[in-house]
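Trainee: Can you read through this structure? Questions will come right after.
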Amino acid sequence: MKRSCLFLTAALAASPAAAHVSLETKQATVGASYKAVFTVPHGCAGSPTVKIRVQIPEGVIAVKPMPKAGWNVDVVEGKYAGEYDYHGNKLSSGVKEVVWSGGKLPDKNYDEFVLSTFLTDALKANTILYFPVVQECEAGVSRWIEIPAAGAGHSHEGKSEGKAPAPGVKLLPKP
């Protein structure tokens, strides 16, 4: 009995350190709409989250952030590297970053930040698409921006240079 209690205590103590900003839906289809739900399980070393910034990767268009009560939502727009077809329209610019700010998410609480997007045919199926996220807190910042080199997996062994793994979604081919 003591042994299982010790194991459970150790597992619970380790889990907050392993928790990071992630995407709720781990797979999405190229050439289709994708609802990106970013889960924020904690603050920064006990400090409340006050801002979430999500970088939109190239090939992700028609981005619309979901408003959150008590938070401001802003978008940063810019030029795409290429031109994308979206329902018969050619798009060469759009949302490059989404920022939720002005709210306060206590460290002891969990929340979600949501984007409606379209994953263009220009994205490569059977790869991982990463959305770098910066989580700003009253005291401190967590940068969920690490993108592994092509063919390498994430290292969850700890943060390197203040960076942690960026949330990713596996891209599936069109059916």
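The values are calculated or read from the model by the stated rules, or taken from the named source; none is laboratory data. Note that the structure is a prediction, hence the values are computed from the model and not measured. Glycine gets a Cβ as well: all are built from the backbone with ideal geometry, and neighbour counts include every protein chain shown. Note: accessible area is taken over every heavy atom of the protein model, side chains too, but ligands, DNA and RNA are not part of it. Shrake-Rupley method; radii C 1.70, N 1.55, O 1.52, S 1.80 Å.
Trainee: Check whether at least one residue in region 125-143 is in contact (Cβ under 8 Å) with a residue 24 or more places away in the chain, among the acidic types (D, E) and in a strand (DSSP E or B), and report yes or no.
Mentor: Checked region 125-143: at least one residue is in contact (Cβ under 8 Å) with a residue 24 or more places away in the chain, among the acidic types (D, E) and in a strand (DSSP E or B).
Trainee: Do you know which residues across region 86-98 are in contact (Cβ under 8 Å) with a residue 12 or more places away in the chain and surrounded by fewer than 17 Cβ atoms within 10 Å (Cβ to Cβ)?
Mentor: Hits for region 86-98 are Y86, L91, S92, S93, E97.
Trainee: Those residues that are open to solvent by less than 20 Å² (accessible area, probe 1.4 Å) and of a type in the set (G, A, S), I need them from region 22-49; list them, please.
Mentor: A28, A36, G43, S47
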